[in-house]
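To start, the structure under review is shown below, and the notes come after it.
Derivation of every value follows stated rules applied to the coordinates shown; laboratory data play no part. The model shown is predicted, which means the values in this text are computed figures rather than measured ones. Every residue, glycine as well, gets a Cβ built from its backbone with ideal geometry; the counts of neighbours run over all protein chains shown.
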Amino acid sequence: MAPGAVPPDNARVKVYPENLTRELEKSLASVWLVGGEEPLLVAEACDAIRAKARAEGYAGRDIFFGDRQFDWAGLLESSQSLSLFAERRVIEVKLPTGKPGAEGSKVLAKLAGDPPPDTILLVVTGKMDRDVTSSAWYKALDKEGKVVAVQAVEIGRLPQWIRSRASRHGITLDEDGARLLAERVEGNLLAAHQEIEKLALLQGKGPVSVETVAEVVANSARYDVFQLGEAALSGDAARSLRVLEGLKAEGTELPIVLWALCRDLRSLAEARANPGASFGYGRQGERRTEIMRAAARRLAKQRMAPLIEQAGRVDRLVKGLAKGDPWTEIAALVATLAGAPALKAP
């Protein structure tokens, strides 16, 4: 094994992006397999391994793409040959499909079991499903080295992931801001990462409000989704429907409009259950709290269940799971929330 390599007895420690830094601080294995469904996290895990390798003197890097036309015998030959200056190097094999074939499986297993001196083998693949994890080449790499399993970030955990990632840039996002950004990027971590970098560039370090997230990420230039909820909760049906029409005309995505209304419905339910609750800090928080408390008094006899069911129907319409016009349905919801229940969706 290469200097600093992890003995096989320690190789079966589960490695995930969250604990990769800690594993690299212990020692650098000579064989690595990184794979998963999130390209951003896979790339970052590989970057961390390469950085550790460079710090330990592995300055060379040979990259191979294991597609159907790949010459596996050539990879084996190249791995055995010394570089011109006999430098330490990383041999990186990109395996997009996770199916190297019979020949590729034998070569990878051989490299894992007997890696060339002063060489680190890094294999990068996509989703590691049962077909991959039951293959001979995977088992060889798992036995002799370390496997970094990158798991998808489920939508329920995405807001927490966004807040943690934002903190790396010195940004503090509240739960509403993180939830809005999560809805906006639809689980695309790369897009979330780019939006966070944009927020850091435009706003600098410090707290970032949900209103700022809506302005920067959703880019609603004239109307914004928060004006819609404010008008409806204030009982101004005419204004709230004008704002809704403006949002539609400007191309605002309906899921974001629905998200904002659902946020207001949750706050309204909380205001009714707890009249002393607050909804934010500073002047905007005080204003929102005042609006919520007034709406709770005005809508004291309004059952919440039909409103929530109506929001659920809009969600199904947006996803194509029901027939109808989601904009008409959401207009009916806004009107009901504003105190004009005569407007009914067809």
By what distance, in whole Å, do the Cα atoms of the chain stretch along each of the three principal axes, largest value first? 79, 43, 34
Links exceeding 21 Å between C-alpha atoms in this model, out of LYS110/LYS143; LYS14/LYS143; LYS26/LYS52; LYS14/LYS99; LYS94/LYS127; LYS99/LYS143, come to LYS14/LYS99
What is the Cα coordinate range of region 225-337 on the first, second and third principal axes, sorted by size from largest, in whole angstrom? 40, 28, 22
So what J values fall out for region 19-26 if you push phi through Karplus, 6.51 cos²θ - 1.76 cosθ + 1.60 with θ = phi - 60°, rounded to Hz, Gly and Pro as x? 10, 5, 4, 5, 5, 5, 5, 5
Counting Lys and Arg as +1 and Asp and Glu as -1, each charge on the Cβ, what is the dipole of the chain about the Cα centre in debye, to the nearest 20? 1020
Exposed GluC sites (Glu not before Pro) absent - longest run of the chain, DSSP non-H/G/I/E/B, at most 12 other C-beta within 10 Å: 187-346
From the P(r) of region 158-218, could you give the percentage of C-alpha pairs in the tail past 20 Å? 6
Classify region 31-142 as rounded, prolate or oblate, taking a ≥ b ≥ c as the square roots of the eigenvalues of its Cα gyration tensor: rounded when a/c is under 1.5, otherwise prolate if a/b is larger than b/c and oblate if not. oblate
Give me the aspartates and glutamates in straight-line cross-link reach of LYS106: C-alpha distance below 20 Å, same-chain residues under 8 apart excluded. ASP62, ASP67, ASP71, GLU77, GLU92, ASP114, ASP129, ASP131, ASP142, GLU144
Going toward the positive end of the dipole of the chain, with +1 on Lys and Arg Cβ and -1 on Asp and Glu Cβ, which of LEU254, GLY101, SER81 do you reach last? LEU254
Given the candidates THR328, GLY36, GLY204, the one whose Cα lies deepest towards the positive end of the charge dipole of the chain, counting +1 at each Lys or Arg C-beta and -1 at each Asp or Glu C-beta, is THR328
Which residues qualify? For GLY35, with a placed amide H closer than 5 Å and at least 5 residues away or on another chain, they are THR125, VAL148, VAL150
Residue by residue through region 146-155, the couplings from Karplus 6.51 cos²θ - 1.76 cosθ + 1.60 with θ = phi - 60°, in Hz, x for Gly and Pro, are 10, 10, 9, 8, 9, 9, 5, 8, 5, 4
Given 0.36 nm per residue, what is the gain on full extension from ASP47 to ARG298 after removing their alpha carbon distance, in nm? 84.8 nm
Spatial separation of Cα centroids for region 31-50 and region 96-159, in angstrom: 11
Net charge around PRO326, counting only other residues with Cβ within less than 13 Å of its Cβ (Lys, Arg = +1; Asp, Glu = -1)? +1
